[in-house]
Structure formats: structure tokens, C-alpha cells
1. For the subset of the stretch 31-45 comprising residues that are at pLDDT 70 or above and open to solvent by 20 Å² or more (accessible area, probe 1.4 Å), which member is farthest from the chain's Cα centre (by Cα)?
2. Within the stretch 68-91, take every residue that is in contact (Cβ under 8 Å) with a residue 40 or more places away in the chain and either of a type in the set (A, V, I, L, M, F, W, C) or assigned to a helix (DSSP H, G or I) (or both) and give me the one that is farthest from H138 (Cα to Cα).
3. Go through the stretch 143-190 and give me each residue that's among the polar types (S, T, N, Q) and at pLDDT 90 or above.
4. Tally time: how many residues in the stretch 214-225 are assigned to a loop (DSSP other than H, G, I, E, B) and at negative phi?
5. Would you check which residues across the stretch 180-225 are within 15 Å of I167 (Cβ to Cβ) and touching a Gly at 6+ places or on another chain (Cβ under 6 Å) and list them?
6. What are the residues in the stretch 49-64 that are surrounded by 14 or more Cβ atoms within 10 Å (Cβ to Cβ) and not acidic (D, E), if any?
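The values are calculated or read from the model by the stated rules, or taken from the named source; none is laboratory data. If you're wondering where the values come from, they're calculated on a predicted model, not measured in any experiment. Here the Cβ is made from the backbone with ideal geometry for all residues, glycine too, and neighbour counts use every protein chain on show. Just so you know, the surface numbers come from the protein's heavy atoms only, side chains and all, with ligands and any DNA or RNA stripped out. Shrake-Rupley method; radii C 1.70, N 1.55, O 1.52, S 1.80 Å.
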Amino acid sequence: MDIIKVILTSLLSVAALFIITKIMGHKQVAQLDFFDYVSGITIGSIGAELATELEKPYKPLIALAVYGLTSLVLNLITHKIPRARKYINGTPTILMDGGKIYRKNLKKAKIDLSELMLMCREQGFFDLDEIQTSVYEHNGKLSILPKSENRPATPKDMDIPVKAAHIGVEVIMDGRIMEDNLTRAGRDVNWLSKQLKQQGQNDAKKILLAVYSPEKDKLTLYSNE
């Protein structure tokens with residue numbers, strides 16, 4: 001009987017965590033600020049407790065709801081009241097600008113010179129002289145603006161006209177024709193069949209992945225072999 005209760009409370013925990021995460025948004029699994037980080041860990045801990053709570057599972061379930069609702073309310077506040085963002089999420093801090101390192105801002109961000117240099121190297125900057133400005137964001141990441149002479153050259157810098165880039169569209173995945181994607185790309189099944197035959201393929205089920213590039217007007221096939 002206890003085994004059945006554990007299974008049921010575990011399923012309840014999974015369902016509750018899924019619903020709360022969907023309500024709170026993908027931010028919980030992407031870039032976290034301080035409160036999202038803390039609430040994410042706490043919600044996971046409560047969810048684990050819920051999975052094994054056989055006597056009164058409603059208690060951790062209520063706690064899950066409270067944490068999820070609190071996080072949702074704080075997110076709404078930061079969206080509706082811009083001034084509240086610096087108190088809830090924090091503000092960006094300039095650590096380096098124009099060749100100067102701001103020691104006070106390093107202390108404010110609670111990082112030392114070694115950590116600053118590590119974060120710069122992680123972004124490919126082994127020479128601090130190549131950096132114009134570095135900003136420590138509220139989510140704990142370092143944003144770097146290189147000096148103008150160290151930035152990669154672009155077609156605009158060389159006055160070279162370029163066409164607009166377009167994302168590739170998956171029209172076949174795991175042998176299944178994605179008709180909605182075909183329509184979005186302005187193509188149909190008949191066009192796809194002709195393209196497959198031109199590339200020596202007669203059966204879409206044998207295609208692992210087919211991607212159509214609107215920019216090149218080209219269909220690229222990846223077979224199951």
C-alpha cells in the first residue's frame with residue numbers, strides 16, 4: 001500500500017512542478033536572477049519532499065504553490081514597475097571602462113581580479129587591453145564591449161551589400177513530413193516530392209532530417225544511414 005502511495009505522491013509532485021514551472025516561465029531553466037535561483041532550488045527541494053510525503057501531501061503542495069505564486073508576482077511587479085527591478089533583480093555594474101578597472105565595483109559585485117580575468121578569458125579576451133567596457137550583469141554574467149579596432153570586420157564596415165539571412169525550415173523530421181513548416185516556407189508536398197526525386201530519394205520515411213533554406217532556395221537532406 002505504501003508503494004502505491006509513493007507512486008501517487010511522486011506523480012503529484014511531477015505534475016505540480018511541471019505546472020508551476022510552466023506558469024513561472026522558461027526563465028527558471030534559462031538565465032536566473034537571484035530570487036529565481038533561490039526559489040528554483042527551494043521548489044525542487046519541496047517537490048522531492050512532496051514525492052515521499054504519505055501522510056499529509058497537501059502541506060508541501062501548498063508550499064510549492066506559495067513559492068510559485070510569489071515568484072510570479074515578483075515577475076509581474078518587475079514588468080509593471082521598472083523602478084522595482086533594481087531592488088528585486090539588481091542592476092548592471094561596470095567593472096572596467098576605457099582601460100580602468102573599478103575596484104569599488106568589483107567589491108560591490110563580490111568578485112576579485114582573478115575571477116574578472118577568468119570571465120574575460122571565457123569570452124575569448126586574454127588581453128584586457130582589447131576591452132573597452134565590461135559590465136557585470138544582474139544574472140551573474142559578464143558582458144564585454146571590445147575596442148573598436150578589435151571588433152570583427154562586418155560587410156557594413158567594407159560597404160559590401162548582403163542579402164537578409166533567414167533561418168532554415170525543417171520540412172522532414174524522423175521520416176515525417178512537416179506540412180505546417182512547408183506551408184510556412186511557401187512550399188507544398190508536391191514541391192517536396194520533386195526535390196526528393198532530384199536528389200535520388202523517393203521515400204520521405206528514409207530521411208532523418210530535411211532542411212529547406214529560403215536564403216539559398218536549397219533543400220538539404222540527412223538520411224538515416
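1. Per the stated criteria, the residue is S45.
2. Residue satisfying both the conditions and the ranking: G68.
3. Across the stretch 143-190, the qualifying residues are S143, N181, T183, N190.
4. Final tally of qualifying residues: 5.
5. Result: V211, S213.
6. The answer is L50, A51, P57, P60, L61, A63, L64.
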